[in-house]
1. Debye sum, Cα scatterers, the chain, no solvent: what log₁₀ I/I(0) at q = 0.07, 0.12, 0.13, 0.14 1/Å?
2. Most mobile of 98, 261, 24 per a Gaussian network model of the chain (Cα springs, under 10 Å)?
3. When you count, for each residue, the other Cβ atoms within 10 Å and take the mean per peptide, how do 104-112, 206-214, 250-258, 194-202 rank with the highest first?
4. When the helix-only estimate is applied to the chain (DSSP H runs of n ≥ 4, each -39,500 (n - 2.57), divided by the residue count), what is the mean residue ellipticity at 222 nm, nearest 500 deg cm²/dmol?
5. Taking the Cα-to-Cβ direction at residue 148 and at residue 190 and moving 7 Å from each Cα, how far apart do the two end points lie in nm?
6. Where does helix 164-177 land angle-wise versus the long Cα axis of the chain, in degrees 0 to 90, nearest 10?
7. In percent, how large is the relative contact order of region 61-149, given Cα pairs closer than 8 Å and 6 or more residues apart?
8. What translational diffusion coefficient, in µm²/s and rounded to a whole number, does the Stokes-Einstein relation yield for region 135-194 at 20 °C and a viscosity of 1.002 mPa s, taking the hydrodynamic radius as the Kirkwood radius over Cα pairs?
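Here, each number is a calculation from the coordinates, and none is a lab measurement. Worth saying up front: this structure is predicted, and the values here are computed from it rather than measured. Methodologically, a virtual Cβ is constructed for each residue, glycine included, from the backbone with ideal geometry; neighbour enumeration extends over all protein chains shown.
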Ligand code: HPA
C-alpha cells in the first residue's frame with residue numbers, strides 16, 4: 001500500500017484554497033440516504049473530487065462526488081457530497097484523505113451522520129442515536145503506516161473521541177425542539193455484508209448499541225488531527241429481532257430518507273450554536 005504523503009494532502013488543500021480562500025468552521029459528512037442537508041447550504045463554491053489533486057474519486061457512484069462550500073445556519077461549512085467507504089475498495093488512508101484535508105483548511109469541527117443497524121432492544125427503526133463512543137477494532141486503523149507529525153500523534157488518546165460539549169448542545173436542542181435522541185455506542189464493521197444474527201448478538205455483547213460500515217476511520221483521523229467530532233446514527237434496521245425478516249439496502253435507504261428531515265433539523269440547529 002502506497003503511503004499518503006503530507007505533500008499530497010498539502011497540494012489538495014492548496015488547490016481548494018485557491019478556489020475557496022475562506023476557512024470553514026465545520027465539515028459535514030453525510031451518510032447513505034442522508035444527503036439532503038447539503039442542499040440547504042447556500043453554496044458559494046463546489047469542487048469536483050476529480051479535480052482536486054490526489055483526492056480519491058468514486059468509481060461506483062456514477063458521479064465523482066464533490067465538496068460543497070457555503071453557509072448553513074449563518075456559519076461557513078463544507079460538506080462532502082459523496083463519501084468513501086472501506087468496503088468500496090479504498091484504502092483506509094484514502095477513506096480519511098478528505099478529513100485530513102479539511103483539517104488543513106482550518107476546519108475545527110466535524111459533523112458526521114450514518115445509517116446503522118440497531119442492536120439495543122430499546123431502539124426502533126427511525127431513531128436518531130448520538131454516538132458517545134465507538135468500537136473500531138473490526139476495521140483496519142487508518143493511522144497504520146508512516147506517521148507525519150503534522151497530522152498528529154503516533155499514538156493518539158481515544159478516551160473521548162466524541163466531543164462532550166457538542167453532545168451536551170445536541171441534548172439541549174433535543175429538549176427544546178422535541179427531536180428525540182437516543183445515545184449509544186457505534187460498532188464499526190467493514191461490510192459490505194449485513195451481519196449474521198450471531199454477529200449482531202456478538203457486537204451487542206461487546207457493548208455496541210448500533211453497527212455500521214462507516215465513520216470510525218474518519219473519526220480516528222479527525223481525533224488524531226485534534227478536531228471536535230460529533231456523530232449521529234440513524235437506526236435503519238434492527239439486527240436483533242424475533243421475526244425472520246432479512247435486511248436489504250433498500251429498506252436501509254428508505255428508513256434513512258424518512259428520518260433525514262429530523263437529522264437535518266438537528267444538524268442545522270447544532271451548526272447555529274458552533
Ligand atoms: N449493519 C451494518 N451496517 C448497516 C446496517 C446494519 O444492520 N444498517 C445500516 N448500515
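1. Evaluating at q = 0.07, 0.12, 0.13, 0.14 Å⁻¹ gives log10 I(q)/I(0) of -0.23, -0.69, -0.82, -0.96.
2. Among 98, 261, 24, the largest GNM mean-square fluctuation belongs to 261.
3. Packing order, densest peptide first, comes out as 206-214, 104-112, 250-258, 194-202.
4. The helix-only estimate for the chain comes to -9500 deg cm²/dmol at 222 nm.
5. Going from the residue 148 label point to the residue 190 one covers 2.6 nm.
6. 60 degrees
7. Result for region 61-149 is 20 percent.
8. Using the Kirkwood radius from Cα pairs, D works out to 144 µm²/s.
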